[in-house]
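*Asks:* Here it is: the structure, laid out below.
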Amino acid sequence: MSPPSFPERARTRFSRVFCYVCGMAALLDELFAIYRDADALVAGWSCPASTECCRFGITGREPYVTSLELSALERALAGRGGLPRRASARRGALPLAGRAERRCPVLTAEGSCAAYDARPLGCRTFYCDRATAGSKIRQRDVNALVRRIQDLAARHAPGGDEGRPLTRALTSARRP
């Protein structure tokens, strides 16, 4: 049997890429359906937009993301030109207060989330003490959402269901 011709190889490669893109789009559609379920779960809660939850050094909490959540964030950030830039005394350095508060890398200088629609589950389900509480959220309902995202992420990439801290995941994703 002779090797495939160039047009056959090109068609095969295109088919693989097309299947990957279609598969990725389907996974992202499923992820955003889970996000809509999460948003419905916390619908009665209101956020004072203090951005305290985006300052991991203050709350002592940082959301963990799966490979698929990271991919959704990266796509949203790419659509706006990348991570927000921050003013600092020298390039790449955070002011001392900034280092202590450990700001989320997706938080803009204006205090808004640069990828709000694609924010991970951990950002959707954590509220600071200043939030106005809605109906009680059962931990088992949140755990069910986490399991659904982990199952989806396991289909996205080997080990993709293993969450990593958001800042570390974004940093390692940007390395060449």
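*Asks:* Restricting the search to segment 20-44, which residues are surrounded by fewer than 15 Cβ atoms within 10 Å (Cβ to Cβ) and either among the β-branched types (Val, Ile, Thr) or in a loop (DSSP other than H, G, I, E, B) (or both)?
*Replies:* Correct list: Val21, Ala43, Gly44.
*Asks:* Looking only at residues in segment 50-79 that are in a helix (DSSP H, G or I) and among the charged types (D, E, K, R), which one is nearest to Gly159 (Cα to Cα)? Step through it out loud before you land on a result.
*Replies:* Pass one, segment 50-79, residues in a helix (DSSP H, G or I): 52-54, 56-59, 67-78.
Retained after the next criterion (residues that are among the charged types (D, E, K, R)): 52, 69, 74-75.
On the way: Glu52: 31, Glu69: 13, Glu74: 18, Arg75: 20 Å.
Taking the candidates together, the pick is Glu69.
*Asks:* For segment 137-150, name all the residues that are free of Cβ contacts under 8 Å to residues at least 40 places away in the same chain and surrounded by 15 or more Cβ atoms within 10 Å (Cβ to Cβ). Show your work before the answer.
*Replies:* Taking segment 137-150 first, the residues free of Cβ contacts under 8 Å to residues at least 40 places away in the same chain are 138-140, 143-144, 146-147.
Val146, the sole residue that qualifies.
*Asks:* Identify, by number, the condition in (1) modelled with pLDDT of 80 or more; (2) outside any loop (DSSP other than H, G, I, E, B) that Gly98 doesn't meet.
*Replies:* If we test Gly98 against (1) modelled with pLDDT of 80 or more; (2) outside any loop (DSSP other than H, G, I, E, B), just (1) comes out false.
*Asks:* Of all residues in segment 45-80, how many are of a type in the set (Val, Ile, Thr) and buried (at least 19 other Cβ atoms within 10 Å of the Cβ)?
*Replies:* Within segment 45-80, the first condition is being of a type in the set (Val, Ile, Thr), and the residues that meet it are 51, 58-59, 65-66.
Add one more test, that the residue is buried (at least 19 other Cβ atoms within 10 Å of the Cβ), and what stays is 51, 65-66.
So the count comes out to 3.
*Asks:* Evaluate the following for Val42: is it modelled with pLDDT of 60 or more, under 16 Å from the mean Cα position of the chain (by Cα) and among the β-branched types (Val, Ile, Thr)?
*Replies:* On the way: modelled with pLDDT of 60 or more: yes; under 16 Å from the mean Cα position of the chain (by Cα): no; among the β-branched types (Val, Ile, Thr): yes.
Judged against the criteria, Val42 is not a match.
*Asks:* Okay, moving on. Residue pairs, Cβ under 8 Å, 6 or more apart or interchain, first in segment 108-136 and within 15 Å of Leu77 (Cβ to Cβ) and at pLDDT 90 or above, second of a type in the set (D, E, K, R) and not in a loop (DSSP other than H, G, I, E, B). List them.
*Replies:* Ala118/Arg75; Pro120/Glu69
*Asks:* Give the residue that is nearest to the chain's Cα centre (by Cα), with candidates limited to residues of segment 124-164 that are part of a loop (DSSP other than H, G, I, E, B) and among the hydroxyl-bearing types (Ser, Thr, Tyr). Outline the logic, then answer.
*Replies:* At the first step, the residues of segment 124-164 found to be part of a loop (DSSP other than H, G, I, E, B) are 125-131, 133-138, 157-163.
Retained after the next criterion (residues that are among the hydroxyl-bearing types (Ser, Thr, Tyr)): 125, 127, 135.
Numbers: Thr125: 13, Tyr127: 17, Ser135: 25 Å.
Ranking the candidates gives Thr125 first.
*Asks:* From the list Ala153, Ala173, Ala157, Ala169, pick out the single residue that is touching a residue at least 24 places away in the same chain (Cβ under 8 Å), surrounded by 13 or more Cβ atoms within 10 Å (Cβ to Cβ) and in contact with a Gly (Cβ under 6 Å, 6 or more places away or on another chain). Walk me through how you get there before you give the answer.
*Replies:* Numbers: Ala173 fails: in contact with a Gly (Cβ under 6 Å, 6 or more places away or on another chain); Ala157 fails: in contact with a Gly (Cβ under 6 Å, 6 or more places away or on another chain); Ala169 fails: in contact with a Gly (Cβ under 6 Å, 6 or more places away or on another chain).
On inspection, the qualifying residue turns out to be Ala153.
The values are calculated or read from the model by the stated rules, or taken from the named source; none is laboratory data. Remember, predicted model here, so these are calculated numbers, not experimental data. Methodologically, a virtual Cβ is constructed for each residue, glycine included, from the backbone with ideal geometry; neighbour enumeration extends over all protein chains shown.
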